[in-house]
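Okay, structure first, notes after.
The values are calculated or read from the model by the stated rules, or taken from the named source; none is laboratory data. What you are looking at is a predicted structure, and each value in this text was computed from that prediction instead of being measured. Note: ideal-geometry Cβ built from the backbone for every residue, glycine included; neighbour counts use all protein chains shown.
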Amino acid sequence: MKVISELSIKKLVYGGYGLADHRGKKVFVRYAVPMELVSAEVIKEKKDHIEAVVKDIIVSSPWRRQAPCKYYTYCGGCQLQHIHPEKQVELKEDILLESLQRIAHIAVDRLGDSIKSGREFGYRIKAQFKVQSGKLGFFAWGTHELVSIEECLLLHPAINGLIPSLRELIKKVKDLQELHVLYSPTEDEFLLKLITPTAYDANKMRTLKEKLLPKEVVGMGNYSKLGDQLMKRYHIGRNFTYMQVGKYRYRVSNDSFFQINFTLWEELIRGIVIGGYRKVVELHCGAGFFSIPMSEVSNFLLSSDNNPSAVRDAEYNAKLNMRDNVVFSQESAYQTLKNYAGEVIDLLFLDPPRSGLTTEETKLILQNRPREIIYVSCNPTTLARDIGKLTDGGYVLKGIRLIDNFPQTYHIESVAYLSQQ
Ligand SMILES: C[S@@+](CC[C@H](N)C(=O)[O-])C[C@H]1O[C@@H](n2cnc3c(N)ncnc32)[C@H](O)[C@@H]1O
């Protein structure tokens, strides 16, 4: 294996790599820390860049630490455990600022205060385990090679407590490909999803649930998939649980999105939801996580999501929380923007998937001209691209904050505030 003997790490980039230069080529180095001098083993060499992994640390950063997880660097789930958690937040803020500068050509002096995770470990209420040859774990970085694990430090301890039963379960279900677990920390309940290439017998599934799993597993779904295409789905037991977030109660179905870092739930609502608007249009509303609190502090809310399960939950949650000034629609973000063309919108609230907004969606926003926009993002690159288009179209970026939603990983969540010029 080729080794580059001296690499000076300039900064951390999105994806969790330390960036260095070597003979005019960019080198993306796994497990490095900015300002370190390292030697690195080359994993891939392309025309314009090299991917490498730290071999020896020649000059170490004061921010380097011994990673707490025994699977770190074998398992690909975490990329930043070798960096102190406060520094992880700072480095992610730098990436956010740099993305805005490089992609949107906007120089922001300072971000707003970050929204902090309540814990650096044990914060995830959702696990998506891979299963291969009767083993359960996660893939190694950039591969489909399974790293078998007995626990994952990011997961809520209750999910780790369930792993021995899951190991028994996977021995019995032939061809199981993935096993997803959603845990409600407020109800102490689990929902499972078993992904198989062909449908598993429902009676056998029922027997396995009764024999192998604790009573806290209240529901189990079998999803047979051909590639990404869902062929068949059925549930045993309940297909939903509840999550209590401060005074708000949410029903969450196995197929709906819900914020995965439970230590941040209340702070997300306190920190992001702003009141005083007459008419709010919300896209990507999920099960109504932001919609319900937002409806309390605005006059009228029109919310949508393209996932039917999420919209059913959101409608149920509006009733559960006695909110009657919010209307939910199951439709694409594009369709919602089209529906409200020409109407006065005081606030547009967005929380898209990693791909961000489509070109057509951005165009419609610029035509509709909502007075203000709150954009929650889980990808700084697409966020910067979209902010660039919105500011070119007459909006001003008023502020942006990091949300420390995913400690130990490269993922970057943030919230941006824009308003008409
Ligand atoms: C990051 S989640 C946010 C959900 C919600 N705001 C929350 O905080 O729980 C993104 C949501 O966007 C929805 N979504 C993805 N693509 C969409 C599209 N093209 N149109 C409408 N909704 C979409 C997904 O179903 C998902 O519920």
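For the reader, a short list of remarks on this structure follows.
- Looking only at residues of the range 185-211 that are over 21 Å from the mean Cα position of the chain (by Cα) and part of a strand (DSSP E or B), we find that the one that is farthest from residue 235 (Cα to Cα) is 189.
- Residue match in the range 75-91 (condition: part of a loop (DSSP other than H, G, I, E, B), more than 19 Å from the chain's Cα centre (by Cα) and among the acidic types (Asp, Glu)): no
- The range 274-293, residues that are more than 18 Å from residue 320 (Cα to Cα) and either free of Cβ contacts under 8 Å to residues at least 60 places away in the same chain or more than 9 Å from the ligand (Cβ to nearest atom) (or both): 274, 275, 276, 277, 278, 279, 280, 281
- Top-ranked residue of the range 103-139 - restricted to ones that are under 15 Å from the mean Cα position of the chain (by Cα) and of a type in the set (Ser, Thr, Tyr), ranked as nearest to residue 184 (Cα to Cα): 123
Results for (1) surrounded by 24 or more Cβ atoms within 10 Å (Cβ to Cβ); (2) more than 21 Å from the chain's Cα centre (by Cα); (3) not assigned by TED's automatic domain parsing to the domain that holds residue 370, shown as yes or no for each residue.
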site: 266; (1), (2), (3): no, no, no
site: 272; (1), (2), (3): no, no, no
site: 279; (1), (2), (3): no, yes, no
site: 285; (1), (2), (3): yes, no, no
site: 300; (1), (2), (3): no, yes, no
site: 303; (1), (2), (3): yes, no, no
site: 306; (1), (2), (3): no, no, no
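- Among all positions in the range 350-370, there is no residue which is in a strand (DSSP E or B), aliphatic (A, V, I, L, M) and within 18 Å of residue 109 (Cα to Cα).
- Residue ranges of strands (runs of 3 or more DSSP E) in the range 222-274 with at least 2 members of a type in the set (D, E, K, R): 229-237, 248-253
- Tally of residues being within 10 Å of the ligand (Cβ to nearest atom) and β-branched (Val, Ile, Thr) across the range 304-353: 2
- The number of residues in the range 239-287 being hydroxyl-bearing (Ser, Thr, Tyr) and touching a His at 6+ places or on another chain (Cβ under 9 Å) comes to 0.
- Filter result for residue 345 (crowded, with 18+ Cβ neighbours inside 10 Å, assigned to a strand (DSSP E or B) and in contact with a Leu (Cβ under 9 Å, 6 or more places away or on another chain)): no
- Restricting attention to the range 354-365, the residues that are of a type in the set (Val, Ile, Thr) and within 10 Å of the ligand (Cβ to nearest atom) total 1.
Every residue, every condition in (1) under 16 Å from residue 411 (Cβ atoms); (2) surrounded by 16 or more Cβ atoms within 10 Å (Cβ to Cβ), yes or no:
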| residue | (1), (2) |
| --- | --- |
| 5 | no, no |
| 18 | no, yes |
| 25 | no, no |
| 32 | no, yes |
| 58 | no, no |
| 71 | no, yes |
| 91 | yes, yes |
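- Residue under evaluation residue 296, criteria (1) surrounded by 14 or more Cβ atoms within 10 Å (Cβ to Cβ); (2) assigned to a helix (DSSP H, G or I); (3) without any contact (Cβ under 8 Å) to a residue 24 or more places away in the chain, criterion not met: (3)
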